[in-house]
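*Asks:* Here's a structure for you.
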Amino acid sequence: MALGAGCAKPAPPPVVEQGHPIDRAMLEGFQRGVTTREEALARLGEPTTSATDPADGSTTLSWHYVHADAHRSTAVMVVLRFGSDDLLQLKAVSQNSQVR
C-alpha cells in the first residue's frame, strides 16, 4: 500500500535545551583562594541560582545546562562557593551524558 501525497512524515523528536552550554575548558584555571566571583561571572555568565549565607557572608552560585535530542542527552551542573572576600572556596562539577 503506497502512501498518498497528503500523508505527512512524523515530526522529529523535539530538542530540549535549558541554560547556556558549559564545558570543562570554561572551568580551567579556577583555583581556590585565587579565582574571584567576578572572574567566574565573566566566564560563565549569570548563574541559574545564587544564595548568600548570612552567617559568614559566603555566596554559592550554580549554573545548570541540559541538552537532549533523539541521539544524546547531557546535563551539567557547576557549583561555586565564594567567601565573604569573593575568593573561590569550593568548586563542584557534575556532568552526565548518554548516547541513545
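*Asks:* Report, in deg cm²/dmol and to the nearest 500, the calculated mean residue ellipticity at 222 nm for the chain, where each DSSP H run with n ≥ 4 adds -39500 (n - 2.57) and the sum is divided by the residue count. Don't jump to the answer; show the numbers that get you there.
*Replies:* Values: 2 runs with 12 residues, N = 100.
Value at 222 nm, helices only, nearest 500: -2500 deg cm²/dmol.
*Asks:* Quick one: 3J(HN,Hα) in Hz for the range 45-56, Karplus 6.51/-1.76/1.60 with θ = phi - 60°, rounded, Gly and Pro as x.
*Replies:* x, 5, x, 5, 9, 8, 9, 10, 8, x, 5, 10
*Asks:* What is the local net charge at Asp86, summed over the other residues whose Cβ is closer than 15 Å to its Cβ (Lys, Arg +1; Asp, Glu -1)? Write down the numbers at each step before the final one.
*Replies:* On the way: positive: Arg32, Arg37, Arg43, Arg81, Lys91; negative: Glu38, Glu39, Asp53, Asp56, Asp85.
Neighbourhood net charge equals 0.
*Asks:* Suppose a student asked you for the relative contact order of the chain, using Cα pairs under 8 Å spaced at least 6 residues apart; what percent would you report?
*Replies:* Values: 171 pairs, mean separation 26.9, N = 100.
With pairs under 8 Å counted, the relative contact order is 27 percent.
*Asks:* Using θ = phi - 60° and the Karplus relation 6.51 cos²θ - 1.76 cosθ + 1.60, list the HN-Hα couplings for the range 15-25 in order, rounded to whole Hz, with x at every Gly or Pro.
*Replies:* 9, 10, 9, 10, x, 9, x, 10, 10, 4, 4
*Asks:* What GluC sites (Glu not before Pro) in the range 1-66 are in a loop by DSSP, with at most 15 other Cβ atoms within 10 Å of the Cβ?
*Replies:* On the way: sites: Glu17, Glu28, Glu38, Glu39; in loops: Glu28.
Answer by residue number: Glu28.
*Asks:* Calculate one ³J(HN,Hα) per residue across the range 66-79 by plugging θ = phi - 60° into the Karplus curve 6.51 cos²θ - 1.76 cosθ + 1.60, and present them in order as whole Hz with x for glycine and proline.
*Replies:* Once rounded to whole Hz, the list reads 9, 9, 9, 9, 5, 10, 7, 9, 9, 10, 10, 9, 10, 10.
*Asks:* Still on this structure: Among residues other than Thr35 whose Cβ falls under 10 Å from its Cβ, what is the net charge (Lys/Arg +1, Asp/Glu -1)? If you can, show how the numbers build up before the last one.
*Replies:* On the way: positive: Arg32, Arg37, Arg43, Lys91; negative: Glu38, Glu39, Asp86.
Neighbour charge sum, excluding Thr35 itself: +1.
*Asks:* Compute the distribution of all C-alpha to C-alpha distances in the range 4-100, in bins of 5 Å from 0, and list the percent of pairs in each, rounded to whole numbers.
*Replies:* With a bin width of 5 Å, the distribution comes to 3, 12, 20, 18, 13, 10, 7, 5, 4, 3, 2, 2, 1, 1.
Readers should treat all values here as calculations from the given coordinates under stated rules, not as data from a laboratory. Quick caveat: nothing in here was measured; it's all calculated off a predicted structure. Cβ: placed from backbone, ideal geometry, glycine included. Neighbour counts: every protein chain shown.
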